[in-house]
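Take a look at the structure below.
No lab work stands behind these numbers, since they all come straight from the coordinates. Just so we're clear, the structure is a prediction, and the values are computed from it rather than from any experiment. FYI the Cβ positions are ideal-geometry reconstructions off the backbone, even for glycines, and counts take in every protein chain you see.
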Amino acid sequence: MPSRNGETSLLVARHAERAVLDEALHSRQAELLALYGRRRVGKTFLIRQVLAEHICFELVGMHEVSLRTQLQSFATSLARAHASPAALAPPHDWFAAFEQLRAFLSPRLTRLNKKQNAGKLVVFFDEVPWLASRRSGFLSAFEHFWNAWAVQQPKLLVVLCGSAASWMLENLVRQRGGLHNRVTRRLRVEPFSLADTEELLLSRGVRLGRYQTLLLTMALGGVPHYLTQVRRGESAVQAIDRLCFTREGPLRTEFEHLYASLFEQADRHEAVVRALAKKRRGLTRTALLEAAKLGSGGAATRVLDELEEAGFILQMPRLGRGKREAVYWLSDEYSLFYLTWIEGRRGDVDWLRRQGTPAWRAWSGLAFEALALKHVRAIKAALGIAGVETSSGSWERRGTRDSDGAQIDLIIERADACLNLCELKFSEGPFTVDKAYARELRRKCDVFRAETRSRKALFLTLITTWGVNENEHSRGLVTTALTMDALFTRTS
């Protein structure tokens, strides 16, 4: 598939997702796959690349158009599938549309059934939430199509794809009506990890090195559509400046459409994101709902669940605390970057001069911490404990009049009677543990031991960009020092 700059775009990474699609393609039963993920994450590209040779019918829903227009699009797509030069009359409703689709598929499936190891025919419905708008009748008609006929076709794979993760889960995966337990596989397409981001950039000839790749991801996240707009020869700071701050920058206004395209009443979702963007250490559910001015009922729970399922927020347990004490973090890097640097600024911002300022250091520290929390599996692999059963979370003891509080960014509790107490530090060069910080680290460990009464071995682990300068303060205190390379460790 040609990209905007004329190069050929090839699918990179997505190894686990390809495996799921391959299994569905070669199983011995009819498959109904629900595929979802946030806007711009590459869902459609994934399906078209992996299943291109097997797709016999594809329909893409359109946003906020009439039922008649959607049905006209169906007729056009079916004529294309027939390779017919003549236009087909649009069906009068979705029941008639699916009957036409059944008539189109039946003879092709009959021929395919006579072949061995031929895979399946793939029917691909993209942007299903737009097709299945209120009173459209799409879901009812599809239920009948699947239950009455398609489920009996072992050579058929139907892919239902959508960006609105909450809609896909509620109406397909968890549905209690005619499609209850009918989805045979679900596939959530997430933004790229740092390892995948590095692979994508290198495949396009963009050789930034890991520090520059880290900076880029801290601002844009692992969204493939954003990353493919980085040009060869640009530094991370130059790319961010062009994409986010110039008048024609494609990401300058992306936030304004991002949540509205995924959620109904998106102002509530944005309120949660804005509240989290202001808090370096995250917020508990109670504090978050208060800051976002949301009630504590089912509607608020749904907002949090939808944001978490779509990958915009991350819920981090607190060691030794109940679920209600878990801390929510803003895990979408672009949203944090937008709300910190772009929103409210009119005219061009000289981003190139922002590096090294106090505001830049505050943002980079928070962005690095949040990114590291999304790469716990990579950290485990770098520590050599990938095969050890673990649980991870943060820890905090609130201060009192008589004693200071203490907080630990990340704790990895291990089944081998050990704990990694991880401190996450972003710096522009090797990190130095000075006398004051060493004293603070010892105090944290002592408070943690006294508060939790844990008898497990405590391994103080520093995760920094460029590593730790070994000196009299770090020696004997820091058990393990990992660099940013740990976050690039591939885990799948």
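Data overview
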{"read-out": "Per-residue Cβ neighbour rank within 10 angstrom, fewest leading, Lys425, Lys115", "value": "Lys115, Lys425"}
{"read-out": "Cα-based helix-to-principal-axis angle, 138-148 vs the chain, degrees rounded to 10", "value": "70"}
{"read-out": "Between 0 and 90°, nearest 10: helix 435-452 axis offset from the chain longest Cα axis", "value": "70"}
{"read-out": "Mean projection area, nm², convex hull over Cα of the chain", "value": "26.8"}
{"read-out": "Set of segment 313-331 residues, backbone N closer than 15 Å to the point 7 Å along the Cα-Cβ line of Arg39", "value": "none"}
{"read-out": "Exceeding the 29 Å Cα-Cα cut-off - candidates Lys43/Lys155; Lys43/Lys425; Lys43/Lys278", "value": "Lys43/Lys425; Lys43/Lys278"}
{"read-out": "Three-way shape label, segment 281-371, alpha-carbon gyration tensor, a/c 1.5", "value": "prolate"}
{"read-out": "Segment 71-121-segment 167-200 distance, computed between alpha-carbon centres (Å)", "value": "25"}
{"read-out": "Furthest towards positive pole of dipole, Ser296, Gln265, Pro250, structure part segment 218-323, Cβ charges", "value": "Ser296"}
{"read-out": "Area projected by the alpha carbon convex hull of segment 375-488, averaged over all directions, nm²", "value": "7.4"}
{"read-out": "Packing-based exposure ordering (other Cβ within 10 Å, fewest first) of Glu306, Glu440", "value": "Glu440, Glu306"}
{"read-out": "Spatial separation of Cα centroids for segment 422-492 and segment 326-405, in angstrom", "value": "16"}
{"read-out": "The chain - share of DSSP beta bridges that are antiparallel (%, nearest 5)", "value": "35"}
{"read-out": "All aspartates and glutamates inside 19 Å of Lys380 as judged from Cα atoms, apart from same-chain residues fewer than 8 positions distant", "value": "Asp196, Glu369, Glu389, Asp409, Glu413, Asp416, Glu423, Asp485"}
{"read-out": "Cα gyration tensor category, rounded, prolate or oblate, for segment 15-188 with a/c compared to 1.5", "value": "rounded"}
{"read-out": "Amide H contacts under 5 Å for Thr432, placed H, 5+ residues apart", "value": "Asn469"}
{"read-out": "Relative exposure of Asp332, Asp305, Asp434, judged by other C-beta atoms within 10 Å (fewest first)", "value": "Asp434, Asp305, Asp332"}
{"read-out": "Sorted peptide list for 202-210, 73-81, criterion being average Cβ within 10 angstrom, highest first", "value": "73-81, 202-210"}
